[in-house]
Amino acid sequence: MEEVQDSLRSGLYWCVAFSVILLPVGYATGLWVWVTLGYAAIICVSVIVGVVLALGGRMLTVAAFLLWLLVLGVGTGLVAFGVHAVVTFEPYCTPSETVDCRLLLNGQDVGEASVADQRRSMVTDSLVPIGGGAVIAIAALVFGTARVRDRLPRARYLFRRR
């Protein structure tokens, strides 16, 4: 049960670290329930990790595989979100004779905003989740391949370096 205590202690440290995100969100929205749920989720995940580490063996292998699937899904989901944002682009303002669209950069008016400027801004903003998701997914695939290669004797022939 020492693993559960260590994991719970680690969860408390993570609560302190995530306070940088949770407290401003609670203050800005006024919904302190989400802050409480965030802290509760961190503690619950920490306790679950501690129990899995205490059990060890096959349970640890299954948990590692499920975590690998989750990481791969998060990376793929981020890439899909970025691509979806680019594909389903709709301008927030369409310039016409009666409508003057303005482009704001850091709160400063920098000129007129055409639909092409809005599209360019959307594409550059979408590169962050696409790039981050690609890095996460590739890292998960490389880690998974290395893990399979190390675990299974015949898999060494499938993934050998030439």
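Here, each number is a calculation from the coordinates, and none is a lab measurement. No experiment lies behind these values; they were computed from the predicted model shown. With ideal geometry, Cβ positions are generated from the backbone for all residues, glycine too; neighbour counts draw on all protein chains shown.
Observations, loosely collected:
- Of residues in segment 121-138 being among the hydroxyl-bearing types (Ser, Thr, Tyr) and surrounded by 12 or more Cβ atoms within 10 Å (Cβ to Cβ), the one farthest from the chain's Cα centre (by Cα): SER121
- Residue tally, condition in contact with a strand residue (DSSP E or B) (Cβ under 9 Å, 6 or more places away or on another chain), outside any loop (DSSP other than H, G, I, E, B) and surrounded by 14 or more Cβ atoms within 10 Å (Cβ to Cβ), over segment 95-120: 3
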